[in-house]
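Written out below as structure tokens is the structure these notes cover.
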Amino acid sequence: MCEVEQKRINILSLLFSIKDARLTFGEKPLFEDFAMNIHQGDRISLVGKNGAGKTTLFRMITGDIELDDGERWQEETLQTGYMQQDVIPKANQTIFQYILEEIREEAQVVSAYKVDIIAEALHLDVKRQMTELSGGQLRRAALARALVEEPDILLLDEPTNHLDLEVIEWLENYLQNYNGTVVCISHDKTFLSNISNKIFWLDRGRLRVCPRGFAHFDEWSTELLEQEERELRNRKALLAQEIDWASRGVKARRKRNVRRLQLVHEERERLKQDQSAYNRVVSKIQLPEPDSPEANSKIVAEFYNVSKSFKKEEGDELVLLKEFNMRIMRKDRIGIVGKNGSGKTTFLRLLIDELKPDKGKIKRAKTATVSYFDQKRKDLDPAATMQKVLCPEGGDYLDVRGKRRHVYGYLKDFLFDPKRVQNPVSTLSGGEKNRLMLARILANPGDFLILDEPTNDLDMDTLDMLEEILTNYEGTLFVVSHDRDFLDQVATKLLVFEGEGEIEGIIGGYSDYISYRDQKTTKAQKVKKAEDLPKKEVVQPEKAEHKQAVKMSYKLKYELEHLPEKISELEAQLSTLEKKLADPDFYQNEKESFHQVSEDYETVKRRLDRAETRWLELEDIRQAVAG
């Protein structure tokens with residue numbers, strides 16, 4: 001195809017254009033000599049630092065903001081749809097009525113069919129009143145409304161917030177097959193990588209465009225900044241500092257990500273080498289009742305046959321945990337995923353003793369100090385200043401992990417302008433409130449850190465900073481998140497809440513879970529296919545061999561029932577020997593005894609390893625028989 005023909009096609013597919021635009025807020029221009037083109041079929045990731053003007057750009061596209069100067073053009077029949085961030089519910093309005101509110105009357109019959117499909121996928125009951133919905137449900141209603149409208153240009157601002165992973169995957173598939181053009185702001189790197197074919201990067205008032213999807217952003221942006229840095233190298237120091245500031249958090253991202261992932265993968269490999277230990281973390285069989293976690297300094301908490309359920313309004317029982325067993329060790333890095341309402345937050349509230357189990361026991365280390373990031377930000381006083389939040393006792397300094405820091409400098413680490421330190425919390429955006437909460441908690445996170453949806457409304461630079469801090473965190477970490485890339489970066493284990501009290505334990509991050517889930521689905525499909533075969537086609541020798549493989553004698557059952565008690569005894573012996581060997585005076589005072597205890601330690605450790613391995617073998621046989 002010739003160049004002239006290609007240009008003609010590009011012009012024909014042009015939907016929206018801004019040329020030589022200028023836009024000023026106060027005395028400072030946000031955009032100067034600004035240009036932008038949006039074409040049919042674009043799937044655009046709109047990225048940039050907080051305050052770069054992403055939301056303003058959306059309002060320029062919708063026409064809610066007029067340009068101070070320049071040209072704004074759009075196709076004559078162009079329809080633009082915008083997922084609302086702040087929905088003000090009307091009295092006596094159902095979700096169904098809200099979604100169809102802006103649809104032309106003659107089109108509502110067709111659109112009503114779409115409402116049912118999209119609302120069901122987003123887990124919305126269209127008969128519910130808008131005034132009854134939580135903040136997350138209102139956001140989902142706004143998303144449903146934007147999708148049902150099917151505009152030529154669909155503008156999405158953080159659409160994955162408050163969505164569980166199953167719904168996010170559905171949304172990805174929906175947008176990949178969407179007939180119109182999509183422009184999306186999101187902190188979810190995996191989501192952007194899966195839906196986009198173009199990048200708009202707002203950088204210091206300029207729009208940089210990459211004709212490839214977000215998966216190439218790090219590589220592309222680094223090349224641009226390195227090129228600019230070379231061009232500015234011989235110019236004034238002030239300009240050099242400006243480019244250094246602008247590129248902070250971007251140029252280093254690739255290198256940091258590589259290092260972080262290397263650390264995480266190393267930890268996962270160590271866990272896989274000790275698979276038996278983790279299998280017992282979420283054991284399906286009844287474990288012996290635990291001693292106090294203080295008996296073993298490595299144990300932070302233990303769940304013993306814990307069950308928890310709630311009564312629904314219609315009288316049914318919602319089961320969240322069912323005879324759940326888990327041992328949480330010091331330095332565990334556990335990600336928690338699952339559908340909304342599957343029990344993730346309930347599990348955390350049980351862990352920190354805000355809720356009591358219906359059955360079973362939960363033992364916690366009494367000396368453990370817990371820091372809890374609550375996604376609802378209940379502990380954040382809207383009237384307090386940012387300085388008051390960080391220094392509640394007054395003064396200008398706070399303790400940050402053993403070092404004295406000035407509050408202004410510490411807030412700069414979290415990308416706040418020091419001039420705003422005296423601003424009340426009520427003036428902050430949702431993302432800024434999350435950053436402030438993280439700044440407060442991460443100053444002294446203690447030895448047990450629980451983060452419930454910490455990534456909502458954060459920009460990518462803040463996410464990078466958070467990942468860096470959590471990578472170097474020495475305590476026990478629990479993270480509830482629907483951000484798949486974030487989980488891959490920080491978690492070495494996953495608890496997957498499947499609903500109805502079913503919880504899967506997976507070694508690795510979200511990518512490892514996807515591999516496990518796909519293998520499980522493939523296996524189930526093979527089993528179903530075999531079951532659907534006519535009986536005469538099933539090979540009888542394989543059947544007999546299978547029966548023989550899963551046979552379990554009384555002797556094996558007895559051994560399996562008593563192994564947990566034996567393992568518990570060996571662990572207690574090992575703990576006692578460890579304490580003796582840890583005594584610095586033991587070797588000096590009793591050299592012969594020291595050598596004997598060292599030999600006993602290795603013997604007990606080998607016996608424990610053998611017992612755990614045997615327990616795994618027998619448990620596999622038991623499950624095969626049960627299946």
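Quick look at the numbers
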item: Sequence ranges 56-62, 573-579, 431-437, ranked by mean other-Cβ count within 10 angstrom, highest first; result: 431-437, 56-62, 573-579
item: Fully extended contour minus Cα-Cα distance, from residue 134 to residue 59, at 0.36 nm per residue; result: 24.4 nm
item: Vicinal HN-Hα couplings computed from phi for segment 499-512 (Karplus, 6.51 cos²θ - 1.76 cosθ + 1.60; Hz; Gly/Pro x); result: x, 6, x, 8, 10, 9, x, 10, 7, x, x, 5, 4, 5
item: Amide H partners (placed H, <5 Å) of residue 338, local residues excluded; result: 165, 497
item: Per residue accessible area of segment 428-519, 1.4 Å probe, in Å²; result: 24
item: Potential extension, residue 40-residue 579 segment - 0.36 nm per residue separation minus Cα distance; result: 187.1 nm
item: Bridge type composition, segment 93-232 - antiparallel percent by DSSP, nearest 5; result: 55
item: Area of residue 198 that stays accessible when all protein chains are in place (1.4 Å probe, Å², to 10); result: 30
item: Alpha-carbon centroid distance for the pair segment 431-448 / segment 336-350, whole angstrom; result: 21
item: Length-normalised contact order for segment 292-399 - Cα pairs under 8 Å, 6+ apart - percent; result: 29
item: Cα→Cβ-extended label distance, 7 Å offset, between residue 419 and residue 169, nm; result: 4.7
item: Heavy-atom surface of segment 105-217, accessible at 1.4 Å and reported per residue (Å²); result: 38
item: At R0 = 51 Å, FRET efficiency that the Cβ-Cβ distance of residue 92 and residue 525 yields, to 0.05; result: 0.60
item: Residue order for 220, 170, 73, 615 - accessible surface, 1.4 angstrom probe, largest first; result: 73, 170, 220, 615
item: Given 49/308; 189/412; 493/566; 331/557; 189/388; 54/419, the pairs whose alpha carbons are separated by over 31 Å; result: 49/308; 331/557; 189/388
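The values are calculated or read from the model by the stated rules, or taken from the named source; none is laboratory data. Here the structure is a predicted model, which is why all the values come from computation and not from measurement. When we count neighbours, we look across all protein chains shown, and the Cβ atoms used for this are built from the backbone with ideal geometry, even at glycine. When the accessible area is computed, the model is the full protein with side chains, heavy atoms only, and any ligands, DNA or RNA have been set aside. Shrake-Rupley method; radii C 1.70, N 1.55, O 1.52, S 1.80 Å.
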